[in-house]
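K.L.:
I'd like to ask some things about the structure below.
We did not get these values from a lab; they are worked out from the coordinates using the rules stated. As the structure is a prediction and not an experimental result, all values here were calculated from the model. For neighbour counting, all protein chains shown are included, and Cβ atoms are generated from backbone atoms with ideal geometry for every residue, glycine included.
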């Protein structure tokens, strides 16, 4: 499994991904699930992937190859005029890869399925965030749904619903995401550290504000301990139930 | 779907169940998923059910019928000498019902499957808590795993892991369970109010400490509002992330 969140804030976009991939409980690997492309001053694109690793790697490789082969009939995500067109290209590439693995065509239940979060900004328009399904179609984030989760999303959802605020700072968003990931980590073996964080300030057209948070990260350890205390205090501070 | 939790405390057992059943999003009903039997001074038995409603209702009906037909070759859960034997009877009854619906025998993935929490106490031994699988086999709670969740368990798990303490009072346990259910409610349509709460103090051999918590319950509404604030304050109180 996997856990990735892409989030839209007033100030830009934030992304966090875990790095554990597993086939059963034996074949456990660390793989990056956060991919970036940029043209300074012009565009920044971020992908987060969940699902079959062979599928997601093939999608990323195809997207990369198509940048280097301008004669290819499929345009490159570095040339697409809008983020909507970028999401379409990613969706079509994903559908193509899933279809090539499966006799029955792309299907959310397919062993070869994957789900992809696509976010970024192209000069002249606002940052946008999409969720691409294995069938190749996709939805866009909105004020009512300002973040997308893929993979093992349930454990970490309540705290995101409670803690999210579009006006929050990037540092607060990173803290909230770390809490959501920490909750998931505690409950599910298939999500593992290190986590990849990427912060995209609107208008920066840069994807270099990244940080890898490893299990021995001092801040993460402090946060985890403080949260265990903080949540107990928060519960204790609530009015008592009368039996 | 469904959400039920059975929990072992130093002082006894606590159970909470939602009441929503649905087939798709159209056929939404309110059904009780918490069932009790008792012989004053001698035994108290609690069942919580998740899964196919026809299956769980058949299991409960069969358990009831067998109490009234002493000649039946299957003994009654009111006669079984230990809670282990009660769990076995429940498991066998469940397996029998699932098998009768399915050509391929009982199977966790079966449309007819169900999962059951069995808890209670028989005079002469401690309270015990079991989780019964659709295949009829079961596991018992332990100090490391003092509670079982069935149905839509993921959303409400992190707070249980954080907040549980075996020494807690029944009132605190009820508050913790309400928070876990509230988190689930906010994230998932298939879990719905009212909730059924049952508190079983060790040695009471009584199942009458019950309460139904409806959507308009004043305490639940206060709790929900206070929790929204409490969790935001708890997050704000944590050390800041340095970008």
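K.L.:
How many angstrom lie between the C-alpha centres of the range A:128-172 and the range B:124-168?
P.N.:
Result: 30 Å between the Cα centres.
K.L.:
Roughly speaking, what is the centre-to-centre gap between the range A:2-46 and the range A:175-243 when only Cα atoms are used, to the nearest Å?
P.N.:
If we compute the Cα centre of each part, the gap is 16 Å.
K.L.:
Mind pulling the angle between the C-alpha long axis of helix A:53-68 and the longest principal axis of chain A? Nearest 10 degrees, somewhere in 0 to 90.
P.N.:
50
K.L.:
Using Cα atoms only, what is the angle between the long axis of helix B:170-187 and the major principal axis of chain B, expressed in degrees (0 to 90) to the nearest 10?
P.N.:
Tilt of helix B:170-187: around 80 degrees.
K.L.:
Please arrange A:199, A:25, B:14 by how many other C-beta atoms lie within 10 Å of their C-beta, fewest to most. Let's see the in-between values first.
P.N.:
Numbers: A:199 22, A:25 8, B:14 26.
By the 10 Å Cβ count, ascending, the order reads A:25, A:199, B:14.
K.L.:
Within 10 Å of each Cβ of A:143-156, how many other protein chain Cβ atoms are there on average?
P.N.:
Across A:143-156, the average partner-chain Cβ count within 10 Å equals 2.
K.L.:
Ordered shortest first, which distances in nm separate the 7 Å Cα→C-beta label point of residue B:25 from those of the other copies?
P.N.:
Ordered by increasing distance: 3.6 nm.
K.L.:
Give, to the nearest whole percent, the P(r) tail of chain B beyond 35 angstrom, counting all Cα pairs. Don't skip to the end; give the middle numbers.
P.N.:
Working: 4378 of 29403 pairs.
Cα-Cα pairs of chain B separated by over 35 Å account for 15 percent.
K.L.:
Rank these for me by crowding, A:189, A:197, going from fewest to most other beta carbons within 10 Å.
P.N.:
Working: A:189 12, A:197 23.
In increasing order of surrounding Cβ atoms, one gets A:189, A:197.
K.L.:
To the nearest whole percent, what portion of all C-alpha pairs in the range A:1-77 is separated by more than 19 angstrom?
P.N.:
Working: 1397 of 2926 pairs.
Looking at the range A:1-77, the distances longer than 19 Å represent 48 percent of pairs.
K.L.:
Just to confirm the number: angle between the C-alpha axis of helix A:83-101 and the first principal axis of chain A, 0 to 90 degrees, nearest 10?
P.N.:
80
K.L.:
Other chains' Cβ within 10 Å of A:218-231 residues: what's the mean? All intermediate terms of the calculation are to be shown ahead of the outcome.
P.N.:
Numbers: counts 0, 4, 1, 0, 2, 4, 1, 0, 4, 5, 3, 4, 9, 10.
Counting other chains' Cβ atoms within 10 Å and averaging over A:218-231 gives 3.
K.L.:
Taking square-rooted eigenvalues a ≥ b ≥ c of the alpha carbon gyration tensor, is the range A:1-136 rounded, prolate or oblate, where a/c under 1.5 means rounded and, failing that, a/b exceeding b/c means prolate? The partial results should precede the final answer.
P.N.:
Details: a/c = 1.89, a/b = 1.30, b/c = 1.45.
Verdict is oblate for the range A:1-136.
K.L.:
In deg cm²/dmol, rounded to 500, what helix-only [θ] at 222 nm does chain A give when every DSSP H run of at least 4 residues adds -39500 (n - 2.57) and the total is split over its residues? Walk me through the numbers on the way to the answer.
P.N.:
Details: 5 runs with 79 residues, N = 243.
When only DSSP H runs of four or more count, the value is -11000 deg cm²/dmol.
K.L.:
Taking every residue in A:184-190, how many Cβ atoms of other protein chains lie within 10 Å of its Cβ, on average? Mind dumping the intermediate values first?
P.N.:
Details: counts 3, 1, 4, 6, 2, 0, 0.
Whole-number average of other-chain Cβ neighbours for A:184-190 is 2.
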